[in-house]
1. Is the range 43-52 home to any residue that is over 17 Å from residue 16 (Cβ atoms), more than 12 Å from the chain's Cα centre (by Cα) and in a helix (DSSP H, G or I)?
2. Give the range 30-57 a look and list any residue that's of a type outside the set (D, E, K, R), surrounded by fewer than 13 Cβ atoms within 10 Å (Cβ to Cβ) and farther than 21 Å from residue 10 by Cα, or say none.
3. Going by the conditions given, is residue 36 touching a residue at least 40 places away in the same chain (Cβ under 8 Å), out of contact with any strand residue (DSSP E or B) (no Cβ under 6 Å at 6 or more places or on another chain) and not acidic (Asp, Glu)?
4. Out of everything in the range 1-28 that is surrounded by 13 or more Cβ atoms within 10 Å (Cβ to Cβ), of a type in the set (A, V, I, L, M) and without any contact (Cβ under 8 Å) to a residue 24 or more places away in the chain, what residue ends up being nearest to residue 86 (Cα to Cα)?
5. Test of understanding: among 61, 84, which residue is among the hydrophobic types (A, V, I, L, M, F, W, C) and within 18 Å of residue 6 (Cα to Cα)?
6. Only one of these is over 30 Å from residue 20 (Cα atoms) and at pLDDT 80 or above: 59, 79, 71. Name it.
7. Being in a helix (DSSP H, G or I), among the charged types (D, E, K, R) and at pLDDT 95 or above narrows it down to one of 27, 32, so name that one.
Amino acid sequence: MSTQHASHKQVINRLKRAHGHMHKIMEMLEDERSCVEVAQQLYAVEKAVIKAKRLLIHDHIDHCLGQGDQDSQSVQTLDELKEITKYL
């Protein structure tokens with residue numbers, strides 16, 4: 001089973017975005033920018049990482065756990081599992 005899935009490119013892009021925000025945050029701190037501005041950038045990093053994690057988990061559920069023939073109960077269970085991951 002391959003560990004590379006179609007969503008990995010999206011995950012990488014989200015993580016690159018977070019990396020860019022982190023670089024900007026360090027510059028902002030060095031430039032003594034306001035705490036509010038820094039906090040906004042930290043929030044952006046946090047959200048980018050959370051979205052990347054959720055995308056990776058959903059992809060794993062779909063492609064690794066959801067393989068093979070499934071009855072409607074199995075599909076519903078996997079859908080519920082994906083829904084609850086937003087609270088991770």
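The values are calculated or read from the model by the stated rules, or taken from the named source; none is laboratory data. In this text, all values refer to a predicted model and were calculated from it rather than measured experimentally. Cβ sites come from the backbone with ideal geometry, for glycine too, and all protein chains shown count toward neighbours.
1. Yes: one or more hits.
2. Within the range 30-57, 34, 35, 36, 39 qualify.
3. no
4. 22
5. Criteria check complete, one pass: 61.
6. Matching residue, one of 59, 79, 71: 79.
7. Sole residue among the options that is in a helix (DSSP H, G or I), among the charged types (D, E, K, R) and at pLDDT 95 or above: 27.
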